[in-house]
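Here the structure comes first, spelled out in structure tokens, and everything after it is commentary.
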Amino acid sequence: MVQGEPRPAGLLSGLRVVECSMLGPAAVSTPLADLGADVIKVEPPGGDYVRHMSWPIVEGTSLLHLHVNRGKRSIVLDLTNEAGRETFLELVAVADVVIEAMRPGGLARRGLGYERLREVNPHIVMLSVSGYGLTGPYRDLPSHGIAYDAWAGTVAPVAGVDGMPSIPDHTSIGITAGPLYGTAALLAGVVQAQRTGQGCHLEVAQSDSAAAFDWLRSETSRAYRRPGTEVTGNPTDGYERRPPGTGGMADGVRYQFYPSSDGHVLFMASERKFWKNFCSAVERDDLFDANPGANLADHARGNLALRRELTTIFEQRTTAEWVELGLAHDVPIGPVNTAESIAEDPQFVDRMPWKPASDLVAEQLPFPVREVGHKPPVTSDPAPELGAHSESVLREVLGYDADRIATLRSRGALGSE
């Protein structure tokens, strides 16, 4: 955004966020910036080293930084310096939200904990994002993203070189779910503050979030601790207890992956009506007559003869042709994509337009929630260079003039040049 230009309108226009973050947890405010909030990223003189962390590096800057810090403004303040702390508190006084996304208690150690912040702004909502949370035996354990998924049991080692344990390709849950849970709670806190005039201090652990995101497996395992007279499996399976979550789908037949002539599809005809529709569509009513199954949740688990027959059928058409058949005959069949191939999927093309590199340095996906009838929102402002907005924030937000900014600089509040 060009200095002096008004910030673009959005659902959260008028919301001001002061953020102190390091690395990926900064994602907690990315949706806020996409939706129009003014997110001011307060950085130490050395900056957030996220700019050089992880891969790929796009035009000298990490994609991680380009994505999670897009649409934000960067101001350098040395919070170990008295003048820097004073300026930070002045920003808090005119903000709605303060985000602390770093090691637990980072701001408190600098004399800027929640109690101090609420002295200057009683309605401030503070959100602390950390690895293992503000309490518990792991509170101060240093960690990175995969740690939370391993802790939560959502990723396990596989055999690598010479049989040594290796990290498999997987979706990182904790570093994604944690910020999203935090964003939801943060906005709830803002609503409460607007209603009551009182802020609050919220916290979210990325580890907790990984576990909460995987609730079905952990809660199923917990339920299975109870006797079989109280907790059973699905009636269709004769009440047999199947493994929790998708682990219980391994032997499914009417709900399973099948090879197409050019890839794979996911077949999901576990309801009888869908199974019948499929058999009619491929002119194989004999399959339905021989295997009608139960009305609901019947995966024909373990029926290898039927699975082999379906394999032969699915190999005869392309993935796109199977999707068209599903649309025409009301059959749940979905394409199986990779992180690379999904970009060409017509549903993806229609729903998730890339924001161009000309705006954000790297092509990036938008925030996936939209107003009906509108494109999904995403900022047009790239992730900031360190301190790129120091003077403009001080002028526009706090009303400082050139002399006062010069005084701050001379006192070391803005770090060394």
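The values are calculated or read from the model by the stated rules, or taken from the named source; none is laboratory data. This structure is a prediction, so every number in the text was calculated from the model and none was measured. Quick reminder, even Gly has a Cβ in these numbers, built from the backbone with ideal geometry, and neighbours come from all protein chains shown. The accessibility values were calculated without ligands, DNA or RNA, using every heavy atom of the protein model including side chains. Shrake-Rupley method; radii C 1.70, N 1.55, O 1.52, S 1.80 Å.
Loop-only check: which trypsin sites (Lys or Arg not before Pro) in the stretch 294-384 are DSSP coil with at most 15 other Cβ within 10 angstrom?
ARG370
Between the helical axis of 304-314 and the dominant principal axis of the chain, each derived from Cα atoms, what acute angle in degrees is found, rounded to the nearest 10?
Orientation of helix 304-314: about 70 degrees from the principal axis.
Express the relative contact order of the chain as a whole percentage, based on alpha carbon pairs under 8 Å and six or more residues apart in sequence.
Relative contact order comes out at 19 percent.
Given Cα pairs under 8 Å that are at least 6 residues apart, what percent is the relative contact order of the stretch 99-141?
49 percent
Just report the Cα centroid separation between the stretch 298-347 and the stretch 168-215, whole Å.
Answer, in whole Å: 35.
Return the sequence-ordered ³J(HN,Hα) values of the stretch 266-279 in whole Hz as given by the Karplus equation 6.51 cos²θ - 1.76 cosθ + 1.60 applied to θ = phi - 60°, using x for Gly and Pro.
Residue by residue, the stretch 266-279 yields 10, 9, 9, 8, 7, 8, 4, 5, 5, 4, 5, 4, 5, 4 Hz.
Given H placed on each backbone N at 1.01 Å, which residues far from GLU19 in sequence or on other chains put an amide H within less than 5 Å of it?
ILE40, LYS41, VAL42, ILE99
As a check on your grasp of the helix formula, calculate [θ] at 222 nm for the chain: sum -39500 (n - 2.57) over DSSP H runs of n ≥ 4, divide by the residue count, round to the nearest 500. Before the final figure, lay out the partial values.
Working: 16 runs with 142 residues, N = 417.
Value at 222 nm, helices only: -9500 deg cm²/dmol.
For the stretch 321-354, which GluC sites (Glu not before Pro) are both in a DSSP coil and crowded by at most 10 other Cβ atoms within 10 Å?
Working: sites: GLU321, GLU324, GLU340, GLU344; in loops: GLU340.
Taking the stretch 321-354 and a limit of 10 other Cβ atoms within 10 Å, the loop GluC sites (Glu not before Pro) found are GLU340.
With θ set to phi - 60°, apply the Karplus curve 6.51 cos²θ - 1.76 cosθ + 1.60 along the stretch 39-48 and write out the HN-Hα couplings as whole Hz, x wherever there is a Gly or Pro.
Whole-Hz 3J(HN,Hα) from phi for the stretch 39-48: 9, 9, 8, 8, 10, x, x, x, x, 7.
How big is D for the stretch 343-417, in µm² s⁻¹ as a whole number, if Stokes-Einstein is applied with the Kirkwood radius of its Cα pairs at 37 °C and 0.692 mPa s? Before the final figure, lay out the partial values.
Details: Rh = 15.7 Å.
Answer from the Stokes-Einstein relation: 210 µm²/s.
Expressed as a whole number of Å, what is the distance separating the alpha-carbon centroids of the stretch 357-417 and the stretch 36-111?
If you average the Cα positions of each part, the centres end up 10 Å apart.
In cubic angstrom, how much convex hull volume per residue do the alpha carbon atoms of the stretch 227-360 span?
143 Å³
Taking only protein heavy atoms and a 1.4 Å probe, what accessible area per residue, in Å², does the chain have with all protein chains in place?
Heavy-atom accessible area per residue stands at 52 Å².
Please compute the net charge surrounding ALA320, taking Lys and Arg as +1 and Asp and Glu as -1 over other residues with Cβ under 10 Å from its Cβ.
Details: positive: ARG317; negative: ASP262, GLU321, GLU324, ASP345.
Around ALA320, the charge tally is -3.
Apply the Karplus curve 6.51 cos²θ - 1.76 cosθ + 1.60, θ = phi - 60°, to the phi angles in the stretch 208-216 and return the couplings in whole Hz, x for Gly and Pro.
With the stated coefficients, the stretch 208-216 comes to 4, 5, 4, 5, 5, 5, 9, 4, 4 Hz.
Between PHE288 and GLU385, what is the label-point separation in nm under the 7 Å Cα-to-beta-carbon projection?
6.6 nm
Two decimals is fine: what's Rg over Rh for the stretch 216-288, C-alpha atoms, Kirkwood radius as Rh?
1.09
Counting only Cα atoms, I'd like the Rg/Rh figure for the stretch 46-87, Kirkwood definition for Rh.
Working: Rg = 13.1 Å, Rh = 11.7 Å.
Value, to two decimals: 1.11.
Check each of the trypsin sites (Lys or Arg not before Pro) in the stretch 197-228 and keep only those in coil by DSSP with at most 10 other C-beta atoms within 10 angstrom; list them in order.
Passing sites in the stretch 197-228 are ARG225.
Near the amide H of GLY71, under 5 Å away, which other amide H atoms are found, from residues 5 or more places off or on another chain, if H is placed in the peptide plane?
Those qualifying (amide H under 5 Å, at least 5 residues apart or on another chain) are ASP381, ALA383.
For labels at SER392 and ASP251 in the simple 7 Å Cα→Cβ model, what's the distance in nm?
In this crude label model, SER392 to ASP251 measures out at 6.2 nm.
Can you tell me the dipole magnitude for the stretch 34-175 around its Cα centre, using point charges on the Cβ only (Lys, Arg +1; Asp, Glu -1), in Debye to the nearest 20?
Dipole of the stretch 34-175, to the nearest 20 debye: 140 debye.
Put +1 on the Cβ of each Lys and Arg and -1 on the Cβ of each Asp and Glu in the stretch 46-125; which of ASN121, THR61, GLY46 then has its Cα farthest toward the positive end of the dipole?
Farthest towards the positive pole: THR61.
Given Cβ point charges of +1 (Lys, Arg) and -1 (Asp, Glu) and nothing else, what value in debye, to the nearest 20, does the dipole of the chain about its Cα centre take?
Using Cβ point charges on Lys, Arg, Asp and Glu, the chain gives about 1060 debye.
Give the share of C-alpha pairs in each 10 angstrom bin for the stretch 283-417, from 0 to the last occupied bin, in whole percents, shortest bins first.
Calculated over all Cα pairs of the stretch 283-417, the distribution is 8, 21, 18, 16, 13, 8, 8, 6, 1 percent.
Label the stretch 30-150 by shape, choosing from rounded, prolate and oblate, from the square roots a ≥ b ≥ c of the eigenvalues of the Cα gyration tensor; if a/c is under 1.5 it is rounded, and otherwise prolate applies when a/b is larger than b/c, oblate when it is not.
On the way: a/c = 1.66, a/b = 1.22, b/c = 1.37.
Judged from the Cα gyration tensor, the stretch 30-150 comes out oblate (a/c at least 1.5, b/c at or above a/b).
Compute from the Cα atoms of the chain the Rg and the Dmax, the latter being the longest Cα-Cα distance, and quote both in angstrom.
When restricted to Cα atoms, the chain yields Rg and Dmax of 26.2, 87 Å.
Eigenvalues of the Cα gyration tensor times 5, then square-rooted: what semi-axes does that give for the stretch 170-299, in whole angstrom, largest first?
Each semi-axis is the square root of five times an eigenvalue, giving 41, 21, 15 Å.
Carbon and sulfur atoms: what percent of the 1.4 Å accessible area of the stretch 327-389 do they account for?
Accessible surface attributable to carbon and sulfur in the stretch 327-389 totals 55 percent.
Taking Cα pairs under 8 Å and at least six residues apart, what relative contact order does the stretch 59-167 come out at, in percent?
18 percent
Rounded, prolate or oblate for the stretch 117-190? Axes are the square roots of the Cα gyration tensor eigenvalues, ordered a ≥ b ≥ c, and the cut-off for rounded is a/c under 1.5.
prolate
Not counting ligands, DNA or RNA, and with a 1.4 Å probe, what is HIS299's accessible surface area in Å² rounded to the nearest 10?
30 Å²
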